[in-house]
Amino acid sequence: MPGRAVSVRPVPADHFDEIAGEYDESLPPHVVEHYLTKRTAWVKELLGSGTVLDVGCGTGVLAGRLAAAGFDVTGVDPSAGMLAEARRQVSGAEFVEGSGTDLPFEDGSFDLTLCVAVMHHVADPADVERTLAEMVRVTRSGGQILVWDHNPRNPYWKLLMARVPQDDGSERLIPEAEVTGGLAAAGAVVLESRQSGFVPDFVPPRFLRLAAGVERGVERVPGVKRLCAHNVVVAKKP
């Protein structure tokens, strides 16, 4: 956890209710597809099959992609508006209203519990810690936890977050050490923590393949890779 007090105001669920209809249009489709493919492949590598909980699932885009890949997926989100969009657009996944700080599931319910681009909205350090602990709690023994969130070292986030509807200025970019420390404090064993992603939203479709190639190169360069867009942390529940 951070060494000093941090005053933040988490984004209320009704904010996401208001923007639910435009949320999926906030980033270019080809860039969204790039990261969806990347995240789905990562989950497949971690878990060949089984039950997945998507914490902060939003409109269910990733949950739907994982369900299509054969996983038994449940999405949970505090926003009724976002869940309405998820239920309208996605088949093959179950969606439940609930908070990450108090997940409405029994202990050990899922093989893999994940969240993507969620923790910076949770924001408050105590709530981040509680959410990570809840993710560990609902994961079965031997199961895994995946946290994929914005990397504070990447300077572009402030520019992008200033113009997308889901970010209203109340967010806090969560340091990598806070995620790994919170998971460890909850009893999980951190298996991997790395930086990933370097394709920005402004890349034209015709240059996506080139940008993805640059991304793969950056992800392999020590030092430089610390500036990638996302921190990706994988932990195991003993």
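Among the residues of the stretch 116-132, is there at least one that is in a strand (DSSP E or B) and farther than 22 Å from Asn151 by Cα?
no
Taking the stretch 50-65, which residues are assigned to a strand (DSSP E or B) and either surrounded by fewer than 24 Cβ atoms within 10 Å (Cβ to Cβ) or more than 12 Å from the chain's Cα centre (by Cα) (or both)? Explain how you work it out, then say what you get.
Going through the stretch 50-65, the residues assigned to a strand (DSSP E or B) turn out to be 51-55.
Correct list: Thr51, Val52.
Mind checking whether some residue in the stretch 179-200 is more than 20 Å from Lys236 (Cα to Cα) and of a type in the set (Asp, Glu)?
Within the stretch 179-200 (the criterion being more than 20 Å from Lys236 (Cα to Cα) and of a type in the set (Asp, Glu)), the answer is no, since none of the residues qualifies.
One line per residue, one yes/no per condition, for (1) within 25 Å of Lys38 (Cα to Cα); (2) in a loop (DSSP other than H, G, I, E, B); (3) hydrophobic (A, V, I, L, M, F, W, C):
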{"position": "Gly108", "(1), (2), (3)": "no, yes, no"}
{"position": "Leu114", "(1), (2), (3)": "yes, no, yes"}
{"position": "Ile145", "(1), (2), (3)": "yes, no, yes"}
{"position": "Asn154", "(1), (2), (3)": "yes, yes, no"}
{"position": "Leu159", "(1), (2), (3)": "yes, no, yes"}
{"position": "Val179", "(1), (2), (3)": "yes, no, yes"}
{"position": "Gly187", "(1), (2), (3)": "no, yes, no"}
{"position": "Glu192", "(1), (2), (3)": "yes, no, no"}
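Can you say whether Leu160 is hydrophobic (A, V, I, L, M, F, W, C) and modelled with pLDDT under 90, as far as the supplied structure shows? Show your work before the answer.
Working: hydrophobic (A, V, I, L, M, F, W, C): yes; modelled with pLDDT under 90: yes.
When the stated conditions are applied, Leu160 passes them.
Exactly one of (1) among the small types (Gly, Ala, Ser); (2) in contact with a Pro (Cβ under 7 Å, 6 or more places away or on another chain); (3) surrounded by fewer than 16 Cβ atoms within 10 Å (Cβ to Cβ) is unmet by Ser99. Its number?
(3)
Would you say Ala185 is aliphatic (A, V, I, L, M) and surrounded by 14 or more Cβ atoms within 10 Å (Cβ to Cβ)? Working first, answer last.
Working: aliphatic (A, V, I, L, M): yes; surrounded by 14 or more Cβ atoms within 10 Å (Cβ to Cβ): no.
No.
Residues of the stretch 203-235 being loosely packed, with under 13 Cβ neighbours inside 10 Å and touching a residue at least 40 places away in the same chain (Cβ under 8 Å), which ones?
Of everything in the stretch 203-235, just one residue is loosely packed, with under 13 Cβ neighbours inside 10 Å and touching a residue at least 40 places away in the same chain (Cβ under 8 Å), namely Pro205.
Restricting to the stretch 133-143, name every residue that is buried (at least 20 other Cβ atoms within 10 Å of the Cβ) and either in a helix (DSSP H, G or I) or modelled with pLDDT under 95 (or both).
Selection gives Glu134, Met135, Val136.
Any idea which residue in the stretch 66-82 is farthest from the chain's Cα centre (by Cα), counting only those that are at pLDDT 95 or above and part of a helix (DSSP H, G or I)?
This residue is Ala68.
May I ask you to list the residues in the stretch 102-117 that are surrounded by 20 or more Cβ atoms within 10 Å (Cβ to Cβ) and out of contact with any Ser or Thr (no Cβ under 8 Å at 6 or more places or on another chain)?
Those that are surrounded by 20 or more Cβ atoms within 10 Å (Cβ to Cβ) and out of contact with any Ser or Thr (no Cβ under 8 Å at 6 or more places or on another chain): Leu103, Leu114, Val116.
Within the stretch 151-172, does at least one residue satisfy the condition of being hydrophobic (A, V, I, L, M, F, W, C) and crowded, with 20+ Cβ neighbours inside 10 Å?
no
Quick one: is Leu112 farther than 28 Å from Val224 by Cβ and within 16 Å of the chain's Cα centre (by Cα)?
Details: farther than 28 Å from Val224 by Cβ: yes; within 16 Å of the chain's Cα centre (by Cα): yes.
Here the answer is yes, as Leu112 does meet what is asked.
Which number in (1) modelled with pLDDT under 95; (2) closer than 28 Å to Gly182 by Cβ; (3) not polar (S, T, N, Q) marks the one condition that Gly21 misses?
If we test Gly21 against (1) modelled with pLDDT under 95; (2) closer than 28 Å to Gly182 by Cβ; (3) not polar (S, T, N, Q), just (2) comes out false.
I'm trying to understand the selection: among the residues of the stretch 195-215, which are assigned to a helix (DSSP H, G or I), closer than 12 Å to His30 by Cα and of a type in the set (D, E, K, R)?
Arg206, Arg209
Report every pair of residues separated by at least 6 positions or lying on different chains whose Cβ atoms are under 9 Å apart, first residue within the stretch 114-131 and free of Cβ contacts under 8 Å to residues at least 12 places away in the same chain, second surrounded by fewer than 20 Cβ atoms within 10 Å (Cβ to Cβ).
What qualifies is Ala126/Met1; Ala126/Thr101.
The values are calculated or read from the model by the stated rules, or taken from the named source; none is laboratory data. Here the structure is a predicted model, which is why all the values come from computation and not from measurement. Heads up, the Cβs are rebuilt from the backbone with ideal geometry, glycines too, and the neighbour counts pull from every protein chain shown.
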